[in-house]
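In what follows, a structure is listed as structure tokens, so that the remarks can point back to it.
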Amino acid sequence: MTLHIDRTLRLPKTEYFPAVEKKNGIALHHTVGGTARSTFDWWLKNRANGGRPQVVGTAYLIDRDGTVYEVFEPGGWAFQFGLDWPLTARIAFEKRFIGIELASEGGLIEANGDLYAFDRVSPKTRKPKSEAFDYGKLYRGYRYFDRYEDRQVAALAGLIDHLCDRFAIRREVPDPFHAYYGDALLAFEGVIGHAMVRRDKSDPAPYLPLWNRLMEQCRVMPVTVTAPRRPGTPLLTDPELDELFVHNMLQLDRLNVAAGSLVKALVMELERHGTHIRLHHPARGGHRVDYAVVQGVKRLVAQMGRALGLKQVTDTTLEVHRG
């Protein structure tokens, strides 16, 4: 397959860091969106406080039809991981990885026998089962995923092959490809997925044909990486995290809808920082739920709860304002 790179979608230099950095890694993502263009437009309009650019994005977007868009020179960089590592380590990691996004809705939820994108049950978010794949078990909270198009996977393989040659990047990937490694990948050189360094991410989806294509066409070889283990309580395993996710979603469903949404935002934000809580005894249709910290930093619950606007956060209870 001949690789064609389309440069008609280009981010202005205010939206990324154009200084050329040494590259020795490639990171794979999916957009959780519609088309490559919709993601590109979001990057352009996404602003922090004061109207400053967020400088978030990846050098490449691959559309569903296999079109490869280079939105900035791959020697530059933008924030793509959202890590909570120490600043020096985090920036160094961001700089050396070339990011690639696949246009995809990502994880899908099931309701009344149908599948829906973006965690919302709506006629606008319904996804035909013919366009999804069933992982057969939960992965980071999802069993079903938008299936990548064959043309996308072929384009991705061609792009990775090209980048590995151009930047002399090692043709290696952590094995297994769907596991979490965290800061064990701090010095890793090769191809990784976003979910390998973020427990709260599921991209790229655990889609075996994608990884098989990379191993066959790009000669990317699986290698063993030792997952991090810190002193004290062992980290929760992926099955344990999936069980916790399902349990918490069931508790949230019993709360008032608005209250459940706010508590869910808190749970997800805590997970981004390596802290996990288990919800219990929700007030049915109400605004209050008990919780226990099962891993991480307890004080973050109150700090983030206040930042999100919860009415009250004690050592054991979360309460949301009414109305």
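Things worth noting here:
Conditions tested, residue by residue: (1) within 30 Å of Leu156 (Cα to Cα); (2) not charged (D, E, K, R).
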{"site": "Glu243", "(1), (2)": "no, no"}
{"site": "Val246", "(1), (2)": "no, yes"}
{"site": "Leu252", "(1), (2)": "no, yes"}
{"site": "Val257", "(1), (2)": "no, yes"}
{"site": "Met268", "(1), (2)": "yes, yes"}
{"site": "Ala283", "(1), (2)": "no, yes"}
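- Only a single criterion out of (1) in contact with a strand residue (DSSP E or B) (Cβ under 9 Å, 6 or more places away or on another chain); (2) surrounded by 15 or more Cβ atoms within 10 Å (Cβ to Cβ); (3) of a type in the set (A, V, I, L, M, F, W, C) is not satisfied by Val223, namely (2).
- Single condition Leu244 does not satisfy, out of (1) open to solvent by less than 30 Å² (accessible area, probe 1.4 Å); (2) in contact (Cβ under 8 Å) with a residue 60 or more places away in the chain; (3) under 30 Å from Leu210 (Cβ atoms): (2)
- Screening the candidates Leu163, Leu186, Leu159 for the property of being touching a residue at least 12 places away in the same chain (Cβ under 8 Å), under 24 Å from Glu21 (Cβ atoms) and surrounded by fewer than 16 Cβ atoms within 10 Å (Cβ to Cβ) yields one hit, Leu186.
- Residue selection: Asp242 fails the criterion of being in contact with a Gly (Cβ under 8 Å, 6 or more places away or on another chain) and farther than 22 Å from Met196 by Cα.
- Spans of helices (runs of 4 or more DSSP H) in segment 218-323 with at least 2 residues among the hydroxyl-bearing types (Ser, Thr, Tyr): none
- In segment 76-135, the residues that are in a helix (DSSP H, G or I), among the acidic types (Asp, Glu) and surrounded by 19 or more Cβ atoms within 10 Å (Cβ to Cβ): Glu94
- Near pairs, Cβ below 7 angstrom, 6+ apart or cross-chain, from segment 281-293 (farther than 15 Å from Met249 by Cα) to any residue that is aromatic (Phe, Trp, Tyr) and in a strand (DSSP E or B): none
- Reported count of residues in segment 249-296, each being within 22 Å of Val197 (Cβ to Cβ), open to solvent by 50 Å² or more (accessible area, probe 1.4 Å) and charged (D, E, K, R), is 2.
- A count restricted to segment 56-74 and to residues that are touching a residue at least 40 places away in the same chain (Cβ under 8 Å) and open to solvent by 20 Å² or more (accessible area, probe 1.4 Å) stands at 6.
- Residue in segment 200-210 that is in contact with a Pro (Cβ under 6 Å, 6 or more places away or on another chain) and either open to solvent by 40 Å² or more (accessible area, probe 1.4 Å) or not in a loop (DSSP other than H, G, I, E, B) (or both) present: no
- Qualifying residue in segment 58-67 (condition: among the hydroxyl-bearing types (Ser, Thr, Tyr) and in contact with a His (Cβ under 7 Å, 6 or more places away or on another chain)): yes
- Selection count where residues are within 17 Å of Leu156 (Cα to Cα) and open to solvent by 20 Å² or more (accessible area, probe 1.4 Å), scope segment 16-31: 1
The values are calculated or read from the model by the stated rules, or taken from the named source; none is laboratory data. Model, not experiment: these values are computed from the prediction. We place every Cβ from the backbone using ideal geometry, glycine too, and count neighbours over all the protein chains shown. Only protein heavy atoms, including side chains, enter the accessible area calculation; ligands, DNA and RNA are left aside. Shrake-Rupley method; radii C 1.70, N 1.55, O 1.52, S 1.80 Å.
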